[in-house]
Each structure stands twice: as structure tokens, then as C-alpha cells.
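Some notes on the structure that comes next.
The values are calculated or read from the model by the stated rules, or taken from the named source; none is laboratory data. Fair warning: this is a prediction, and the values are worked out from it, not measured in the lab. Note that we place each Cβ from the backbone using ideal geometry, even for glycine, and neighbour counts take in every protein chain shown. In case anyone asks, the SASA skips ligands and DNA or RNA and just uses the protein heavy atoms, side chains included. Shrake-Rupley method; radii C 1.70, N 1.55, O 1.52, S 1.80 Å.
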Amino acid sequence: MLRLDQTALLLDALRPPQGMEIDIAVGTTFTLDLTALLTIPVAASFDAMTEGAEPADLLETIRRYSERTVLFCQAGAVSVPSHYRSAHTLIEDTLVEVKKPGGGIFHPKVWIVRFTGSDTVLHRVLVMSRNLTFDKAWDVIVRLDEDPSADAVMDNQGILDFLESLPRQAARDLSQRQQDLVNSLSQSLAQTSLSVPHPFTAGKFVPLIDGFRRSPFRSSYDAALAVSPFLTRDALTAYFKPTAKRKVIVSRPGALNAQAASLRGLHEVYRVKDALLNAQDDLDAFATMGEDSDVASETDSTVAVPSMRGLHAKFYVQDHGQLATAWLGSANLTGGAFGANVDILVELTGPKGVVGVDAVINKRGRKDDLSWIVEPHELPEDDEAASDPEEGISEVDARAYDIASKAVKIVYSLGPEMDGGPWSAVLMVDPWLNVDALVVTARPLSVLAARASEIVDGKAAWGGLVEEEITPFVVITIKAEGSTRNVLVRADIEGDPPSRRKSVIAQAIKSPEDFLRYLAALLGLVSGFGPGGGEGEGGFFGGWVADVRVDRILEDLLTTASRNPTRLESLDQTLTALRADERFGDVVPQSFSELWDAVYDARKDAIG
């Protein structure tokens, strides 16, 4: 139970079982980094993403899996990338922003995934404390896999209620594709048996959403542990009962100091060791732990442990009789988490001796449990004032959440050639409320900050744009005295030329080698998130990709056209865009062009 030599990375936890691929993935996060979102479909290929243009095969991998992914996040909590890249075009329809719930925030961290392959369908649910960012902090993740033969299975009703609630919380309407993906996943998940992870014996999901909001914790118990980076007095009082024999808290120094008076009755108060937060040498020692341990991995290969720089994990354990119950997920020990936020926990019960408080944090100290990374914290005599950076909302934060939750639309139109390009854009935010103390500007993500325009009466405009600068991603900057907040909004888009997104991959193909690597990615023959490790014959550059054997290309194309014809729609769009370029004959082999025409004529109705 929560042994520190059992480490995992999110990207590994999302990797498909051997011989399978991601069919649908629905995720949630509070804060979001768009570049981190790109790593989900291209985990094995992410090192290839340089500051320059992305290769066509990588773009195809992003396109293919982004069309199967829906990610819900708090509106106004999307960070602004350092620069605009063509790959962002391919994830425009992945993101769904959620309205800030009254008095709280949208705060859950979940991935619900369906895998397919060889006439088999499997599901996996990940419940986490980690946002989809590159933050380096201590987090927890619970992985629950489908296993119809499992001795104990999860009660899925809570995750179904949670999944079905997501579309209703969206700030702007979901597309039909997004709604269909959520509905399909919900229907298949309802028939799924998720295995309760050993050594637990029972489990269920606890959604903290409207209509289902309640405290999941026991009213009486023998011992209790809480690990939470953020604390409030009301939540502490409700969780820790005065009659418990052992009461343990682990948190950040600032949060502990701010609630000193409420914590004096606890038996043990801990913080993460300063040495682990600040010294890489100590983390290197941690990374070498458990060389013989049972690390969760599909291939039993060594998993690198990232550097950790803070506490972000949230989990709770309560002993009762011979059993213990643990809750892990996104909810902090705060009044907001259990009273207003949207959050989710997974509840697991098992034998106290292996999953109870003493097993998680032993009083004598062990190198494989929580006691190894924490140290006692001395509370101050009086509570110290402290702000809560995750759940506390400043005036600028509140304005950012408010604007991003409104009807935001950007309209592009083609007009006379201007300085820079023939396209113009108008941003509209409705309803709009002018606030004298705040200045709000906006710009398409694709243009420089110097071209930002002030939003006046809910509108801002730009001219002189080229087609490559058309995007629904808008950077909104809110300035108040002494503070500035930049957020990214995915606006509804009108006037979008049909050729824009279809030509992104074609623009990255510069040579026959580029085209063949793109074709390999489209047919699922590259390593990464494709079927079964996806090396193909002879590896990525071996087999038919290297010597361009027409018979093998025909075989793979016909197989894909028969089993998964919609995958070839991207190929048709790419070839159409390439044919408009004078380089077409130099990039696409003549034999392949003739072959494709024959395949398309035979299967054009199925391809789309």
C-alpha cells in the first residue's frame, strides 16, 4: 500500500496493453498545459518535438489520437504556451472548458480510457491528484484495469455518474463528435468489471458533484492519516475525531502553520523533508531504491523517477476494526473540496495490517513507506496568515475564470490584402462587464503579444492575418494594479477555411522519406501508442518503409481500408493538399499515387 519503491508515470499508466490501441480517452484536469496534452498520444515520440516544425509522422500520430480524446478542464486555468506550433491545430477539438462551479472550482483529475485490438475491448480508469502540467511534485495515481475474472470488482456507479455529468458543466457546447465519444464510453463502461487492486478487497468511486456531494469519511475509527497540501479548519475538524488513538497529518509548512490551532490535538504533524524538496542528490538515491521491486510496467523495464519539488498528493486512510479504508484522488482537506468544488476520489478497503495507517507511515520509520520522506513539523504558537494558491481566488483569478466561462467566439473573414495578410478577426465575449480597475486584452495564440488588442464592450479585432494564423485559441491578459494574469481560451470559431486543418500535415512533408514516415504512422506501424509496440517488420526504418515495396504497401493499405477505412480520410486530405503543391511529384512516389487512386475508388464511400 503506497510503497515508495512502486513508482509510476502518467504516460506509462496510459500506455495500451500489448496488441491494443486507444479507442477513446476522456480526461479531466484543473490546470492544463497544452504541450503536456500533446505528450499523451506521442509519449514515445515526444523527444522529437523540437522548436522547429514537427515531422509529418508525429503530426499524424497527434491527429489520430486527438480525434479520440476529450479533455475537460477549468475554464481560465489553461496556461499559455511559449509559442504557437502546428501541432496545436490538431488538438483544437480535444479541449472542453468547464464553467467554474458556484463557490468552487472544477478540480478532478481522471482518465477513463477504452482500448481495442484483436476483437478485444478493455477499459482502464486512472484517478489522480496530478494536473496535466509539467509540475514536479509528489502525487498519487490509482490505476484500475478491466478484468472480468477478478476476485473483487469496483462499484462503477460513481464514475458513471461523474462521466455523465461532464457535458452539462461545459462552458460552451460540445461538438457532436465529443458528445458521441463521451456517450459511447459511458455505455461501454457501464458493462465493465474493473478489478479492485491487490491487497484491497472492495472499492468504489466517490464523485463530489452536484446531487452526489457528501463527505465519504467514517464517523468513527481507530486511527486516521491525512495527506493534503491544502487545509482549512472546518475540514480538519470534521475529519479528525477526538477519540482516535492515532491522528497523523502531512502537509506543506505554510498550510500547517496557517492551521496551527486546529492541529494541536493531533499526535503527529509532518511535512515533506526539506532535503527531498531541494537536493537532487537525495532524489538520485530514491531513484535507485527497489532495483528488485515490482515496478508497475507492461514490459518490466526500469521506470525513471522524475525529480520532485513539492507536495501535491491527496489521500486519506482510516483504520476501523481489522479493516482500513483509503481515499485517493483530487480532493484537498478543505471546505471547498467537499462543499463546492467538483472533485473525485476512489475509495478502497482492505486488511488493516497491509493498507492501514501504520502500513502507510510506520512510527519506527521504513525506507519504503511515507515515513522515509517526511519529518516532524513544529507548529508556531499562533496561526500564520496564509493564502491558498490552488483554491484561493484573487480578483484577477476570478475575472479570468469568469471571462473564460462565457460565450467566447472568434469570427474570421477574408477581405482585401492588408499589411501581413488578407484575413481579419473579431473576438466577441458575451455577456461582458467592464471593470474600471482591470484592463483586459486579447490576441490569437498564433500572433505576437505586441499585436494584442484591448477588449472593449466585449469585442476586440485584428487585421492583416494569414491563413496559418487562424486559430480558436485566444490569449486573454488581465491586468490589475500589481498583478497580471494570462489565460488561454478555446473560443468557438466561425469563418474557418476548410483547408486550414487539412493542410497541416501536408505542409510538414518535404521529401519522399517524410511521406513514407507519415504513411507508416497513419497505418499504425510506428512505435508509441500504436498496436503492440508497433515496430512493424524491421522496425521503424526497416521493412517496406525503407525499400518502398509496393506489394507490402498495397497489403497494408487494403487491410486498413477494409478494417478501419476512416483512418484513410486523413491520407486523402493530405494527398489533396499535396496535389495543389508543385512539389507533389517530388514528394509522393508515382507508383503510390496510382495505387492510392485505385484503393480510393474501391473504398471511397467507407473512407468518407
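Considering only the other residues whose Cβ falls under 9 Å of the Cβ of Ala244, what net charge follows from Lys and Arg at +1 and Asp and Glu at -1?
+2
Keeping every protein chain present and rolling a 1.4 Å probe, give me the accessible area per residue for region 10-195 in Å².
That works out to 34 Å² per residue.
Given a cut-off of 32 Å, name the pairs among Lys479/Lys510; Lys204/Lys241; Lys241/Lys406; Lys409/Lys479 whose C-alpha atoms lie farther apart than that in the structure shown.
Violating the 32 Å Cα-Cα cut-off are Lys479/Lys510; Lys241/Lys406.
Enumerate the calculated ³J(HN,Hα) couplings along region 314-323 in order (Karplus 6.51 cos²θ - 1.76 cosθ + 1.60, θ = phi - 60°), each rounded to whole Hz, writing x wherever the residue is Gly or Pro.
9, 7, 9, 9, 10, 8, 8, x, 8, 10
Residues of region 495-522 with backbone nitrogen within less than 19 Å of a virtual label 7 Å along the Cα-to-Cβ line of Val411, please, listed as ranges.
Correct set: 495-498.
Can you give the accessible area of Val272 in Å² (nearest 10), computed on protein heavy atoms with a 1.4 Å probe?
Its accessible surface works out to 10 Å², give or take rounding.
Less than 15 Å Cβ to Cβ from Arg500, Lys/Arg counted +1 and Asp/Glu -1: what total charge do the surrounding residues give?
Neighbourhood net charge equals -3.
With a 1.4 Å probe and all protein chains left in place, how much of the accessible area of region 10-195 comes from carbon and sulfur atoms, in whole percent?
Percent of accessible area from carbon and sulfur atoms in region 10-195: 46.
Would you work out if region 163-275 is rounded, prolate or oblate? Take a ≥ b ≥ c from the square roots of the eigenvalues of the alpha-carbon gyration tensor; rounded if a/c is under 1.5, else prolate when a/b is larger than b/c, oblate otherwise.
prolate
Would you kindly state how much longer the chain becomes between Ala450 and Thr120 on full extension, computed as 0.36 nm times their sequence separation minus their alpha carbon distance, in nm to one decimal?
113.6 nm
Which cross-chain or sequence-distant (5 or more) residues have an amide H under 5 Å from the amide H of Val374, H modelled 1.01 Å from N in plane?
Under 5 Å from the amide H of Val374: Lys273.
Each residue of region 221-229 in turn: what ³J(HN,Hα) in whole Hz from Karplus with 6.51, -1.76, 1.60 and θ = phi - 60°, glycine and Pro shown as x?
6, 9, 8, 8, 10, 10, 10, 7, x
Looking at region 10-195, what % of the alpha carbon pairs are farther apart than 30 Å?
16 percent
Whole-Hz ³J(HN,Hα) for each residue in region 508-513, computed from phi via Karplus 6.51 cos²θ - 1.76 cosθ + 1.60 with θ = phi - 60°, x for glycine and proline: what do you get?
8, 8, 10, 7, x, 5
Could you state how much accessible area Leu132 has, in square angstrom rounded to the nearest 10, with a 1.4 Å probe and all protein chains kept in place?
Rounded to the nearest 10, that gives 10 Å².
Ranked highest first by the average count of other Cβ atoms within 10 Å around their residues, in what order do 585-597, 499-511, 171-183 fall?
Most protected by this proxy first, the peptides run 499-511, 171-183, 585-597.
For the ranges 10-16, 261-267, what's the packing order if you count other beta-carbon atoms within 10 Å of each residue, average per peptide, and put the highest first?
Descending packing order for the listed peptides: 10-16, 261-267.
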